[in-house]
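Data first, discussion second: the structure below is written as structure tokens.
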Ligand code: FES
Ligand SMILES: [Fe+2]
């Protein structure tokens, strides 16, 4: 039994975890409700440091497979771990944390192994030291000069008390990205996967994604739309190889396991072996090995899927304001598919949402937009955020560029006096929607953008592939009843957007510039301070970042950051 000094008290901040090395053994220290606790530093499930995990109240969640432990007792609360963490007696003396190292006990036998901070706080502890990295909102790496040498411990600390400064690790950190997949894309969200018009008949399918996860959207004989993981239950092969098509059933190319259009396993070659030898075990039940299915909902021809089985109806998920804009575009007419394109973008997926919640850039970056009057500073516009903060709609009414004041033109650097179009029909706006807006961009959390840019209509589906890149999948559509000229008009106007669009091109570049800036000059943070009158939420003007702040209010809640 020996008390060992393991860290200074001031190195351990409230609500955080700190990893230390004690004679070659990893120990995790926690400061919860003014008590200090010490547990094993490595998850009992796999070899993952708990210092990289997430503290939530009195629990620690391992970043690797999400095992959750009670910090006070070490007991497993959920996840794949079965063995409790050992906890260590703790005391604080002279501003240092000491643990009784040889007496670590499994949770069942452990007394309350804590030390109250208040009684033993050193006189100067009020002035909490913050390293330069933490001051800049970086996940902090600390080198603890303990008995065992340097220990790296990452901590995710949001800078400041509000949402006006965003740390770069939100966009660049692999752990944060992995947690986004788990908590957001695979969490309580409705993810866009397809338009019904892409799978109009039984047997029709299209490949899609929920977050990075590949799925197949298929229409079964009974007319239902089914969304299943594109992963064979035998050896995990991504069995569906075509982007879209029509089939009677899905046959995995590797060993020909066969699934019906709802994902049920209906065929296993040589299931009984050959001549009484080999084959699957006698008790193997195909009904237990269907493809993993997601919950599905559709609204006005748009298909969403969720890993969560108790999602609220889509209308509640969107909220009344965003639903109204959604239904203005999807107005009940049957959709027709005009085409697809896709491209990768070298930036974090959230930057795309932010770009469309950032009306400030619109008149500064986009020459086309202001010169031809699509969005003009001072024109009627709205940057809507729903009550949760996760969805948004940027909306503007087309105005006559000739009416823009010369003062506004001076501010709008992108304005090019005298620039004209050789094809004037390009900017025609044929009124067809019950909406005061000629342009709306709806950002529907977490992976859908609905574009209604005058008469060009498109779906953009975000497929993240890591912190630094995402794929954008576009589906351009029109309506049944469009005549040939209207279809041509929609396609012509479609040149505004896309990988080389007159507008889209500049946004794509800007997103790359931001990611480059964060990667090239690490350890930073950046500002979203415009329009302080609205801390977060809907803005009634274009010079505002309040909708971005609203999104981060929601993101932080979901992520526990
Ligand atoms: S991996 Fe699909 S049948 Fe073997
Ligand atoms: Fe833009």
Among (1) at pLDDT 95 or above; (2) touching a strand residue (DSSP E or B) at 6+ places or on another chain (Cβ under 7 Å), where does residue 174 come up short?
(2)
Identify, please: which residue in the stretch 247-262 is within 11 Å of residue 232 (Cβ to Cβ) and touching a strand residue (DSSP E or B) at 6+ places or on another chain (Cβ under 6 Å) and is, among those, nearest to ligand 2 (Cβ to nearest atom)?
250
Please give the number of the condition residue 188 fails out of (1) part of a loop (DSSP other than H, G, I, E, B); (2) touching a residue at least 24 places away in the same chain (Cβ under 8 Å); (3) more than 23 Å from residue 460 (Cβ to Cβ).
(3)
Look at the stretch 280-311 and say how many of its residues are assigned to a loop (DSSP other than H, G, I, E, B) and within 15 Å of residue 446 (Cβ to Cβ).
4
Give the stretch 466-519 a look and list any residue that's within 16 Å of ligand 2 (Cβ to nearest atom), farther than 28 Å from residue 430 by Cα and free of Cβ contacts under 8 Å to residues at least 60 places away in the same chain, or say none.
509, 513
Looking at the stretch 235-247, is at least one residue crowded, with 22+ Cβ neighbours inside 10 Å, without any contact (Cβ under 8 Å) to a residue 60 or more places away in the chain, away from ligand 1 (no atom under 16 Å from the Cβ) and assigned to a strand (DSSP E or B)?
no
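Working only within the stretch 265-277, note down all residues that are within 15 Å of ligand 1 (Cβ to nearest atom) and in a loop (DSSP other than H, G, I, E, B). Full working, then the answer.
The initial filter retains those residues of the stretch 265-277 that are within 15 Å of ligand 1 (Cβ to nearest atom), namely 265-271.
If the condition is that a residue be within 15 Å of ligand 1 (Cβ to nearest atom) and in a loop (DSSP other than H, G, I, E, B), then 268, 269, 270, 271 are the ones that fit.
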So is residue 95 surrounded by fewer than 22 Cβ atoms within 10 Å (Cβ to Cβ), over 18 Å from residue 155 (Cβ atoms) and touching a helix residue (DSSP H, G or I) at 6+ places or on another chain (Cβ under 6 Å) or not?
yes
Looking only at the stretch 299-323, count how many residues are closer than 23 Å to residue 334 by Cβ and surrounded by 14 or more Cβ atoms within 10 Å (Cβ to Cβ).
12
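The values are calculated or read from the model by the stated rules, or taken from the named source; none is laboratory data. This one's a predicted model, so the numbers in the text were calculated from it and none came from an experiment. In this analysis, Cβ positions are derived from the backbone assuming ideal geometry, glycine residues included, and neighbour counts consider all displayed protein chains.
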